Amino acid sequence: MSISYTRMIKRLLQEYRVNEKFKQVLTLLSVNVIAIPLSIISSIIITRFLGASAYGDFKYLASLFNLSIILLNLGIFQAANRALVLTNDRTKARELYGAALTLLGLLFLVISIALFFYAMFDRNIQEKGLQSTLMWTIPVAWIFLLSRYFEVLLQADNKISLLAKSRLYPKIAFFTTILILYLIFFNYSGNRLHIIWMLFLGTEMVGYIYILLRIYPSFKNLKNRINEIWHYNKAYGFNVYLGSIFSTGFSALTGILISYFGIDNSGVGFYALALTIAGPLEFIPNVIATTHYKDFSSRRGIPRKLLLITVGFTLLALGGIWALVSPFINFFYGIEFRPVIALTFITSLGVVFTGMADFFNRFLGAHGQGKALRNSAFIVGLGIMVLNITLIPSFGETGAAYVKVCSGLLYLILMLIYYRKLSLSLKNSNV
């Protein structure tokens, strides 16, 4: 047995040396394996430092920023993604990064104005005492835009190493700072939510600036590159954007709706924590699809072996989470967070469905199927909206968990239908 194990390790090492795709998959998987305990331990520290209600406040504000980006990004990043996929010119690629970054600055101004008026006039945020916190965090909301910028553009440019660093470095920095905070300032009597937000935004900023310097965006031919991105936006990016308003937009709205129908934001925190624990289930299909994104653009279908490996490891991870979630929550979070156990069992199914749907989504995106992605997003979004309105007012965060399952299953079914249609079309065109 030890001999066969040694041979397996040798084969894996050899594959790592000669197969670039395998190396990229292993890199992203390794980052996610490291990021999982960092994120979970960070959440344990934050929940103990803030408590259930204030932790919910933290997640509620994060939902506001994410929702504003979904509603107001106009498909710019997806358009830049398409331009990068179709070029092999490194000089032009740097110019596209610079043009997308310029457009990011303009989007930030629009989002800042929208959030300012929201903070001024929304009754819920005023009743929960979060107006001042939102107001002072708006000037650094570009952090959330940069996160989207890196995720969409780096995978299109096949810069998997930088993508891995953009995911890992901020998490390491945040984990380190809040660990120091917990050990030294646990009895801090001031506004703890402000402290957590400052640490989160500061560490994200440092990590993202490093990644930007590595990308080294160019601002030459800026007008031409912006026009090019705008061209792809009309043909592809805006279609994806319209769909994302319905699908991811209504998903981001879920946490906000829990807040509106709750006495405090503890339910927001419980639901967010359940998603955090179940979140790793999306990593396997997303990592594999991301590293094969550019390769997908030249294929007529997803290799059967690749699909079976993806499904197998995802189901194995699901079983592990179901076995461990109850003792994990009881031991590390305590009785105050016990509602998270039941929520995790439910949401994990939705996360699996969504992760596998995203796997097929990547293939469709690599082939420029913007209308298909838009149409499916419309349907999923409408389903989420109807279910949110129906279930959350009566069942709160539990209703939101069931919405996650139903919407994830609907999303997967639609992706399979569009994938089969595209795959048959590609095969027939090459007959």
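The values are calculated or read from the model by the stated rules, or taken from the named source; none is laboratory data. Only a predicted model underlies this, so the values are computations on that prediction, with no experimental measurement involved. Here the Cβ positions follow ideal geometry from the backbone for every residue, glycine too, while neighbour counts run over all protein chains shown.
Taking the range 397-422, which residues are within 19 Å of the chain's Cα centre (by Cα), surrounded by 20 or more Cβ atoms within 10 Å (Cβ to Cβ) and closer than 18 Å to LEU343 by Cα?
Within the range 397-422, ALA400, ALA401, VAL403, LYS404, SER407, GLY408 qualify.
Considering only the range 208-238, state which residues are of a type outside the set (Ser, Thr, Tyr), in a loop (DSSP other than H, G, I, E, B) and either touching a Phe, Trp or Tyr at 6+ places or on another chain (Cβ under 8 Å) or free of Cβ contacts under 8 Å to residues at least 12 places away in the same chain (or both).
The answer is PRO217, and nothing else.
Of the numbered conditions (1) at pLDDT 90 or above; (2) surrounded by 20 or more Cβ atoms within 10 Å (Cβ to Cβ); (3) closer than 20 Å to ALA62 by Cα; (4) of a type in the set (A, V, I, L, M), ALA252 fails exactly one; give the number of that condition.
With (1) at pLDDT 90 or above; (2) surrounded by 20 or more Cβ atoms within 10 Å (Cβ to Cβ); (3) closer than 20 Å to ALA62 by Cα; (4) of a type in the set (A, V, I, L, M) applied to ALA252, the lone miss is (1).
How many residues are part of a helix (DSSP H, G or I) and surrounded by 13 or more Cβ atoms within 10 Å (Cβ to Cβ) if we restrict to the range 323-347?
Residues in the range 323-347 being part of a helix (DSSP H, G or I) and surrounded by 13 or more Cβ atoms within 10 Å (Cβ to Cβ): 17 in total.
Go through (1) surrounded by fewer than 21 Cβ atoms within 10 Å (Cβ to Cβ); (2) closer than 17 Å to ILE70 by Cβ; (3) not β-branched (Val, Ile, Thr) for ALA377 and report which single condition fails.
(1)
Please go through the range 290-316 and give me each residue that is surrounded by 15 or more Cβ atoms within 10 Å (Cβ to Cβ), under 20 Å from ILE34 (Cβ atoms) and at pLDDT 80 or above, ordered by number.
Those that are surrounded by 15 or more Cβ atoms within 10 Å (Cβ to Cβ), under 20 Å from ILE34 (Cβ atoms) and at pLDDT 80 or above: PHE313, THR314.
Return the only residue of SER394, SER425 being out of contact with any Phe, Trp or Tyr (no Cβ under 9 Å at 6 or more places or on another chain), surrounded by fewer than 18 Cβ atoms within 10 Å (Cβ to Cβ) and over 19 Å from ALA252 (Cβ atoms).
SER425
Can you tell which of GLY381, GLY365, GLY355 is under 30 Å from ALA235 (Cα atoms), touching an Asp or Glu at 6+ places or on another chain (Cβ under 9 Å) and assigned to a helix (DSSP H, G or I)?
GLY355
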